[in-house]
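Heads up, the thing below is written out as structure tokens.
The values are calculated or read from the model by the stated rules, or taken from the named source; none is laboratory data. For clarity, every value in this text was computed on a predicted model and none was experimentally measured. For neighbour counting, all protein chains shown are included, and Cβ atoms are generated from backbone atoms with ideal geometry for every residue, glycine included.
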């Protein structure tokens, strides 16, 4: 039980997918200008990533490995994730058109979000079982959503700051992301303690 | 054009900052008394570096220099850096840290009032990540005379490993960890027994606890002057005491006592001077309680389970990240919209 | 019995500066050479002028009629001749003008025939209409028409009538002096209001720095012997005299922004308003004068009974303005409004003429960035977070300012007063508010335009359809008619024939009218001829000739008018 | 090799079927986004954007056929709001579509007007009243300042007058920073 907790906590904080593993920076920088859209993007990614981890585990475990074609893993995972993203896009388009418009280019981007491919691959590399894979995927995406939302909170406030012209926009966002990453280094070693 | 109100209370940013600096004096005095005058040199180095960095950035940005250099906010940052860095840190370490704090963490965000992160704590984290060894060498109280300290600060060669050790916090944690292992000769010893060594005083590190007491006095004065409110210090100390107390009462052989945690490291400095920085900290009453309590728990977690000797700097930065959301969600109800 | 007082959050204690202007009694002011009476002096509609230049008017004669019910009448303050009805600079920061009646006093100060009302016999509605036409408005500074506030809430009665004698702004003492000298009459006005509102209790709140006024009011209450009226000393703390804050202090009720206080069983009036109501109901005198404090950079600060329309500098001269005077402020130092000129008229909102100088009210030190210290939030009587509203106002993020309840701000100035960074916070809030209002106006205009545009499209669509139907019917008829013939005209043909014909006729008519207009209009002389080169001039001449020829050609001498 | 092909084909078929089902199940009717865009547009109906009115332009933006910087009456403010709504980058007003002007209303010189009704037909919001051969006048409150009536007038009797500020429309100015440029 505690080991599952450690999987989640480790994925959310200690090995945060964005700030420590430096995966998924594109949506992190792109969809963090406003809190509302960040929440939406976080939710969409959480959905896709958790589902993607589960599905990819099943496909890997029951099709690829038995068939002896585990060299197709990357290819197969990409296809699966792309399909899940498409479904998510359709659902969002139905339920929240504005979110759809706002997430516009980023939703398909989830497909190429390296975090979404990276986490299922890490699952395989770390020999996670199905539950661990799901928890790891969920934890990672929660970690992603968490820092995305917090980052959006900071950026909304930075909107009013008297930032020197050359640093306005993405530049100061990068500096901020760096400092957040620095702060998250404080969690280093926590997952080693037993 | 000037519109109403036409009268103002005589108050200024400068006087606020000046009072914060004055409140640091008791702590600094205790520091000098127990650890020697080297800290004064560090304070001077950091102050000069901070002013120089600020002046350069203001010049580049075309902002009025006289106005912003005299607001004393850079000096406050500089002093906090000097007080959290080891007193024998080489001069370039202090200078680099201060410049990073002032130039990147403060001025790039627009200077005074606009930085989301605490500059001094960001500098501490940057330096401890970059130079973990140099940032972990602390002399014990009365161990080094002024001349040696000057040599260490300005001298090139450093062979201080022999004469300095880790902070009491770090030392106790290491001892507790080895006490937990059956192979160690310390096995089975409790925190109280481990604190028997010369590095420890009544509650925390020898001398260090008196410095903390000095900060406490200065901090109480700040509350009395209404520069800071009671919320952050009370919530921080309360939450740190509670968290440490809980684990200590569960397993007294594995964890240090809550009073040790309060009296050691940067706890008092953090509670009264670092977390209370209004720019990067929470501002609503409930937000302050949440912010400080969160910082206390994180500080404890990093101290007890993490890889760094003290958690206050990382905890501050982590809570800084949360501040916009905390402030947004803890707005007090406005006039006429309260639920009685 | 000691009544429990409540507290409001925040507030500040600026030096009160009230002692000097209360040493002498209220004085009268000699008639000025000219009175400029703005017609729009209250919240609500702009009253329309009832007099013309050259008219003789008497004191108390109505010169501006209320424009609808949310408006209040305006009267001549003295007898004389109307010299002009024109837009004149009004006592407002903007320095913009408003339609005003200029009266040259004849010096006789003769009352006209007064419109009396029998208070005992009249119905509440009649009383309210009477007060509207007597021009009675709130004299605390907000100038909201009083008759509208004299309606009890849904239940037809009120728990508490709050009378505001707090006068928390520094320097201002007009209510203080009014209570000292005219407490009995004021109390009669309060009785009348209490009757109209069916109020159970009356609480008169007076800040505890005015013991004389409190004593005078208490003596008057004792003399009148009316039960249920109580004068209470409240702690001196700005802005205790804000209506919402005073209601809070006396009753514990917080009236939210945008809600009527009567819904909470409370209503609040200024002491000066109470006195004016008595004057109107008892003596039939409309609101033509008010007590005004002249203070600040003058030798002898004092209160004056000033006719509405008197130029401010005329009054200030009596108090002895010092030479370094650089501005007049209408109101107090916390909320007062900077006047665009020295000779703007005293209006119903003028409770104080604060004479300013660079020494008395020095310009603030340079504005520093906000350090989020929270002093402003501690001082805010509306429990707001001014530093957050400032942060987003500065960035022009108005949506966010409203999330932080910008419109609950009463612009009392406490936040600016305490700010260690010397930020003119209230200016930022005023800016944001007026930007938001402007946006709302634009939004409304856009919505109307959209509606009208869509309606027009709909109408055109309908017309086109109707026309098509008519044409189809016509074509069908033609078809029927020629059914016997061998060849049937295609249905479109009829339309093709009639339509251009109609257009031709119309065009011809327009051309004819244009010709007429061209002749009527003085020959438009070509401009800038002297700076154009000969080439260009030649070209222009050629074009003119061509245009003329075209016009000749198009003006068919035999317009096919018959077809139209 | 064959296994690999079979596996990939199988996966592709499975996913394809799933997607097909989802696209039917979650089909979207209409586009509520157009309303949101339309609400930001100033409704002058001036056609400067190249579309016959604000709503068609809104449709075009939502469909990705038009840029967000083609509306001169909406000005920078409007572009900013559109950029915000749509998550696009802010762009300065496109010059080919016109320049931002102060808000004005059309005024008919009633002495010159010949009563031709051409302007009445041109007005997109029915803000001109009058009948044939009688002089026309403009309902100032409803005029959007679109200038569409200027061109059709045969006698050039319509002029655009900037709206004058009154106390009711007066705005507080942005507080000026008072930091003295100390040396």
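If you check A:55, A:88, A:74, A:45, which single one turns out to be part of a helix (DSSP H, G or I), closer than 17 Å to residue A:140 by Cα and free of Cβ contacts under 8 Å to residues at least 60 places away in the same chain?
A:55
Which members of region B:279-308 meet the condition of being within 14 Å of chain A (Cβ to nearest Cβ) and either assigned to a loop (DSSP other than H, G, I, E, B) or touching a strand residue (DSSP E or B) at 6+ places or on another chain (Cβ under 6 Å) (or both)?
Matches in region B:279-308: B:279, B:280, B:281, B:282, B:283, B:306, B:307, B:308.
Can you pull out every residue in region D:121-140 that is part of a loop (DSSP other than H, G, I, E, B), in contact with a helix residue (DSSP H, G or I) (Cβ under 8 Å, 6 or more places away or on another chain) and surrounded by fewer than 21 Cβ atoms within 10 Å (Cβ to Cβ)?
Scanning region D:121-140 gives D:126, D:130, D:133.
For (1) surrounded by fewer than 14 Cβ atoms within 10 Å (Cβ to Cβ); (2) in contact with a strand residue (DSSP E or B) (Cβ under 8 Å, 6 or more places away or on another chain); (3) facing another protein chain (nearest Cβ under 10 Å); (4) under 30 Å from residue C:508 (Cα atoms), each residue gets a yes or a no:
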position: D:83; (1), (2), (3), (4): no, no, no, no
position: D:86; (1), (2), (3), (4): no, no, yes, no
position: D:112; (1), (2), (3), (4): no, no, yes, yes
position: D:115; (1), (2), (3), (4): no, no, yes, yes
position: D:144; (1), (2), (3), (4): no, no, yes, no
position: D:152; (1), (2), (3), (4): no, no, no, yes
position: D:170; (1), (2), (3), (4): no, no, yes, no
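Pull up region B:14-25, narrow it to residues that are buried (at least 20 other Cβ atoms within 10 Å of the Cβ) and touching a helix residue (DSSP H, G or I) at 6+ places or on another chain (Cβ under 7 Å), then point me to the one that is farthest from the other protein chains (Cβ to nearest Cβ).
Per the stated criteria, the residue is B:24.
I need a count of the residues in region B:103-131 that are in contact (Cβ under 8 Å) with a residue 60 or more places away in the chain and either under 19 Å from residue B:155 (Cα atoms) or part of a loop (DSSP other than H, G, I, E, B) (or both).
Number satisfying all stated conditions: 7.
The rows are residues; the columns are (1) touching a residue at least 24 places away in the same chain (Cβ under 8 Å); (2) at positive phi; (3) touching a helix residue (DSSP H, G or I) at 6+ places or on another chain (Cβ under 9 Å); (4) within 14 Å of chain B (Cβ to nearest Cβ).
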position	(1), (2), (3), (4)
A:110	yes, no, yes, no
A:134	yes, no, yes, no
A:142	yes, no, yes, no
A:152	yes, no, yes, yes
A:155	yes, no, yes, yes
A:161	no, no, yes, yes
A:169	no, yes, no, yes
A:184	yes, no, yes, yes
A:188	yes, no, yes, yes
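Look at region D:1-48 and say how many of its residues are surrounded by 15 or more Cβ atoms within 10 Å (Cβ to Cβ) and within 14 Å of chain C (Cβ to nearest Cβ).
Final tally of qualifying residues: 13.
Just one of the numbered conditions (1) under 23 Å from residue C:158 (Cα atoms); (2) in contact with a helix residue (DSSP H, G or I) (Cβ under 7 Å, 6 or more places away or on another chain); (3) surrounded by fewer than 21 Cβ atoms within 10 Å (Cβ to Cβ) is not true of residue C:205; which one?
It fails just one condition, (3).
Give the residue that is farthest from the chain's Cα centre (by Cα), with candidates limited to residues of region C:390-399 that are within 11 Å of chain A (Cβ to nearest Cβ) and touching a residue at least 12 places away in the same chain (Cβ under 8 Å).
C:391
Counting just the residues of region C:415-442 that are over 25 Å from the mean Cα position of the chain (by Cα) and not in a helix (DSSP H, G or I), which one comes out farthest from residue D:145 (Cα to Cα)?
C:420
State yes or no: is residue A:130 out of contact with any strand residue (DSSP E or B) (no Cβ under 6 Å at 6 or more places or on another chain), away from chain B (no Cβ under 13 Å), at pLDDT below 90 and within 30 Å of residue A:72 (Cα to Cα)?
It is false that residue A:130 is out of contact with any strand residue (DSSP E or B) (no Cβ under 6 Å at 6 or more places or on another chain), away from chain B (no Cβ under 13 Å), at pLDDT below 90 and within 30 Å of residue A:72 (Cα to Cα).
Let me spell it out: the conditions are (1) within 13 Å of another protein chain (Cβ to nearest Cβ); (2) touching a residue at least 40 places away in the same chain (Cβ under 8 Å); (3) in a helix (DSSP H, G or I), and residue B:66 meets all of them except one. Which number is the exception?
The one condition residue B:66 does not meet is (2).
Can you pull out every residue in region B:84-102 that is out of contact with any strand residue (DSSP E or B) (no Cβ under 7 Å at 6 or more places or on another chain), modelled with pLDDT under 95 and either within 14 Å of chain A (Cβ to nearest Cβ) or not in a helix (DSSP H, G or I) (or both)?
Hits for region B:84-102 are B:85, B:87, B:88, B:89, B:90.
Of all the residues that make up region C:375-404, how many are surrounded by fewer than 22 Cβ atoms within 10 Å (Cβ to Cβ) and not in a helix (DSSP H, G or I)?
The qualifying residues number 5.
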